[in-house]
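Enquirer: I'd like to ask you about the structure that follows.
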Amino acid sequence: MADGETGNTLLTADIQEIKRMIPHRYPFLLIDRVKDVDLNKSAVGIKNVTYNEPHFQGHFPSSPIMPGVTIVEAMAQTAAVLVVMTLDMIDNDMLVYFLSIDKCKFRQPVTPGDQLELHVKVIRGRGKLWRFSGEAMVDGKVVAEAEFNAMMVPPEDQ
């Protein structure tokens, strides 16, 4: 797919490719696909929210709501895929650490059956330190937003 504005080809990553880029696994791999990857700029993660996820057993059994911290974590996982693709570091066992989360707001609940779109944009990225803005959306409405800093840690520094 081509981006009409810049003419760049936008990239995608399915679940198998995501697992080659970030170390997260069930039950903490929180994205199913990443699409519209514009290297060093932005990406959109997809999370299909299902009742079978372990956090719904306790949050809350009679009214399941996806915990806000897992929404922000899903944004960060999308950002990590964007960085790994940008740096061409697939299959390099890169770790990503949160450094800070700022301006975080939760606007409406996310529940089973929702498809969460995680729109992340690079604010600043150089070397190991990166800053992002993120918006989580359901049906075109912003349900959460945050800015966050992360550090990429290659295997030789782990």
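The values are calculated or read from the model by the stated rules, or taken from the named source; none is laboratory data. Fair warning: this is a prediction, and the values are worked out from it, not measured in the lab. Please note: Cβ atoms are built from the backbone with ideal geometry, for glycine as well, and neighbour counts cover all protein chains shown. To get the accessible areas, we keep the full protein, side chains included, count just its heavy atoms, and leave off ligands, DNA and RNA. Shrake-Rupley method; radii C 1.70, N 1.55, O 1.52, S 1.80 Å.
Enquirer: Can you check what the net charge comes to around Arg131, using other residues whose Cβ is under 14 Å from the Cβ of Arg131 (Lys, Arg +1; Asp, Glu -1)?
Expert: Around Arg131, the charge tally is +4.
Enquirer: Here's something else I'd like to know. Tell me the net charge near Asn52. Cut-off is 15 Å between Cβ atoms, Asn52 excluded, with +1 for each Lys or Arg and -1 for each Asp or Glu.
Expert: With Lys, Arg at +1 and Asp, Glu at -1, the neighbours total -2.
Enquirer: If the only charges are +1 at each Lys and Arg Cβ and -1 at each Asp and Glu Cβ, what is the size of the charge dipole of region 1-150 around the Cα centre, to the nearest 20 debye?
Expert: With Lys and Arg at +1 and Asp and Glu at -1, about 400 debye.
Enquirer: Could you give the accessible area per residue of the chain, probe 1.4 Å, as a whole number in Å²?
Expert: 53 Å²
Enquirer: Determine, from the Cβ-Cβ distance of Arg107 and Tyr26 and an R0 of 22 Å, the FRET efficiency 1/(1 + (r/R0)^6), rounded to the nearest 0.05.
Expert: In this case the efficiency is close to 0.20.
Enquirer: Let me ask something else about it. Where is the GNM fluctuation largest for the chain (alpha-carbon springs, 10 angstrom cutoff): Ile101, Ile46, Ile22?
Expert: Greatest mean-square fluctuation among the candidates belongs to Ile101.
Enquirer: Treating only the Cβ atoms of Lys and Arg (+1) and Asp and Glu (-1) as charged, compute the dipole magnitude of region 10-90 about its Cα centre; round to the nearest 20 debye.
Expert: 80 debye
Enquirer: What is the gain in length, in nm to one decimal, between Ile65 and Met89 on full extension, counting 0.36 nm per residue of separation less the C-alpha to C-alpha distance?
Expert: 5.2 nm
Enquirer: Could I ask something else about it? Identify which of Pro67, Pro54, Pro23 has the largest mean-square fluctuation in a Gaussian network model of the chain, with springs joining Cα atoms closer than 10 Å.
Expert: Fluctuation is largest for Pro54.
Enquirer: Also, I was wondering about something else. Averaged over every viewing direction, what's the projected area of the C-alpha convex hull for region 31-158? Give it in nm², one decimal, please.
Expert: 8.0 nm²
Enquirer: Quick one: what are the phi-derived ³J(HN,Hα) couplings along region 22-37, Karplus 6.51/-1.76/1.60 with θ = phi - 60°, whole Hz, x for glycine and proline?
Expert: Each residue's phi maps through the Karplus curve to give 10, x, 5, 9, 3, x, 10, 7, 10, 10, 9, 7, 10, 10, 6, 6 Hz.
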